Amino acid sequence: MEARLNMFGSPLAGKFLRHINSAGKVLESSLPAATQELVKIRASQINGCGFCLDMHTKDAEKAGETAQRLNLVAAWREAKVFTDAERAALELTEQGTRLADGAGGVTDEAWANAAEHYDEDQLTALIGLIAVINMYNRMNVMNRQPAGDYVPGMFG
């Protein structure tokens, strides 16, 4: 499999990706690192983005995440290994990612559950993180960006 475009060799793509990365960096300090990776992994699973799944599972593993938790992200509702706060973030991620499924967006119940665990800045960070990973997923899926070669830290 080969990518349709060389997004890493294009000056325009490089400039665009730096701006997206800068937006993502603004959000990092507001949420636990584990929660951020779980959100990125779940959105990437839903969107079928192999490149992002490869990256974020490897980054999570390097940061100390367990194989058990990584293997259970897709089945988080039935898994006992996630905190209530992580579960609320995963629900918000699913509903925020599946907007086109006609479900009417994020339910008041999912929002209220997230608001029980996260303050306003953290909720803002969650919304931003979900939006950023969905943008990356869409770019990589459209471009058919191959997965499997990512090495933690290779992008800085």
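Structure notes:
- Accessible-area composition of the chain, carbon plus sulfur, in percent [1.4 Å probe]: 55 percent
- Dipole size of the chain about its Cα centre, with +1 on Lys/Arg Cβ and -1 on Asp/Glu Cβ: approximately 720 debye, rounded to the nearest 20.
- Spatial separation of Cα centroids for region 30-82 and region 91-143, in angstrom: 15 Å
- Annotation: per residue accessible area for region 26-104 equals 48 Å², rounded to a whole number [probe 1.4 Å, protein chains only].
The values are calculated or read from the model by the stated rules, or taken from the named source; none is laboratory data. All values reported here derive from a predicted model rather than from experimental measurement. Note that each Cβ is placed from the backbone with ideal geometry, even for glycine, and that neighbours are counted across all protein chains shown. SASA here: full protein model, heavy atoms, side chains in, ligands and nucleic acids out. Shrake-Rupley method; radii C 1.70, N 1.55, O 1.52, S 1.80 Å.
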